[in-house]
1. For each of Thr167, Thr230, Thr79, Thr192, count neighbouring Cβ atoms within 10 Å of the residue's Cβ, then give the residues from fewest to most.
2. Determine the percent antiparallel among the DSSP beta bridges restricted to the chain, to the nearest 5.
3. What does the charge dipole of the chain about its Cα centre add up to, to the nearest 20 debye, if the Cβ of each Lys and Arg holds +1 and the Cβ of each Asp and Glu holds -1?
4. Ranking Arg133, Arg80 by Cβ neighbours within 10 Å, fewest first, what do you get?
5. With Cβ to Cβ distances under 14 Å as the rule, what net charge do the other residues near Ile288 carry (K, R +1; D, E -1)?
6. When Lys and Arg each count +1 and Asp and Glu each count -1, what net charge do the other residues less than 14 Å away from Thr167, Cβ to Cβ, add up to?
7. Filter the cross-link list Lys214/Lys236; Lys165/Lys248; Lys7/Lys83; Lys214/Lys248; Lys7/Lys55 down to pairs whose alpha-carbon distance in this structure exceeds 21 Å.
8. Run the quick spin-label model on Ile40 and His66: label points 7 Å from Cα toward the beta carbon, then report their separation in nm to one decimal.
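Bear in mind that the values in this text are calculations on the coordinates, not laboratory data. Owing to the predicted nature of the structure, the values given are computational and were not obtained by experimental measurement. Cβ placement follows ideal geometry from the backbone for every residue including glycine, while neighbour counts extend to all protein chains displayed.
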Amino acid sequence: MEPFVFKKTASLDSPSLNPPAAGSPGLFEIEPWKSYEADIGLKVGYTSRLGGVGKAPYSSLNCAFHVGDDPQDVIENRTRIAKEIGMKPESWTCGEQVHKNEVAIVTERDQGRGFLDRESAFQETDGLLTNVRGILLTSFYADCVPLYFFDPKKEVVGLAHAGWKGTVAGIAERMITRMEEYYGCQRQDIRTAIGPSIGSCCYEVDDYVMNKVKVWYEVSEGNDKHNSLTYAACHKPVSDGKSMLDLKEVNRHIMIKAGILPEHIEITSWCTSCHPELFFSYRKENGITGRMASWIGLEER
């Protein structure tokens with residue numbers, strides 16, 4: 001079953017879509033985690049490109065300042081999303097992503113960093129973690145992989161932005177380690193999810209990238225001769241020096257190697273490049289496009 005469900009979709013098996021109501025952003029929910037909203041107030045999901053105010057080429061629900069969109073349109077889109085999911089707009093908190101593995105611990109005084117401008121966001125930060133209620137962690141994408149982290153026992157939530165550089169830098173494992181170190185989380189309790197991103201069907205990379213991925217697998221397998229995670233599972237060579245890379249699968253492998261139970265990992269089948277009617281795609285749109293947002297937080301009680 002596909003865990004990321006578009007709230008306005010006529011059916012999961014149909015490409016026909018019901019557009020969002022006027023002024024209402026089109027959003028994805030993580031279906032297997034919906035019960036946590038009633039239990040502990042979990043707010044989690046992913047945006048589409050529908051239901052915003054942005055104009056071409058950022059039409060319409062662009063969530064990021066750095067692409068060149070009108071900043072007031074970005075703020076309006078962020079405000080719509082926060083209100084739609086039942087959080088205060090000023091709870092929106094984010095980092096300036098740089099494709100590395102830096103993880104920030106978000107405290108109460110950090111609420112709202114990056115909501116109104118880029119300068120106030122966590123700088124050079126691709127991962128965010130918090131146990132503070134009323135903070136909405138957010139990050140931005142147009143093909144890279146959104147990673148979600150959630151411990152229902154310790155009530156800790158986190159997000160990580162994983163392009164190929166952040167993936168091979170181990171940002172997924174670093175998030176898990178920080179959850180353990182800062183909040184006392186047990187790895188067997190942590191739930192994770194891997195959201196919409198460019199799929200192996202569309203993500204062609206060269207040998208330079210594949211060699212970086214291969215190094216991670218060689219190091220990982222070298223530490224454990226019984227490790228069943230194989231380099232071959234994440235890519236398919238298509239021509240001399242070119243391969244189709246499955247970044248979602250690489251991140252799933254990293255999570256399992258870091259101690260996450262396979263049954264606690266939700267992984268999407270959505271490809272951002274295959275569905276331009278739903279998603280912004282950096283590759284599909286030649287680098288001139290908007291950004292979706294992932295979000296996770298715990299509502300105030």
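1. Thr230, Thr79, Thr192, Thr167
2. 80 percent
3. Its charge dipole is roughly 120 debye.
4. Sorted ascending by nearby Cβ count, the order is Arg133, Arg80.
5. Cβ neighbours under 14 Å give a net charge of +2.
6. +3
7. On the way: Lys214/Lys236 13 Å; Lys165/Lys248 13 Å; Lys7/Lys83 15 Å; Lys214/Lys248 15 Å; Lys7/Lys55 23 Å.
Long pairs (Cα-Cα over 21 Å): Lys7/Lys55.
8. If labels sit at Ile40 and His66, their model points lie 3.1 nm apart.
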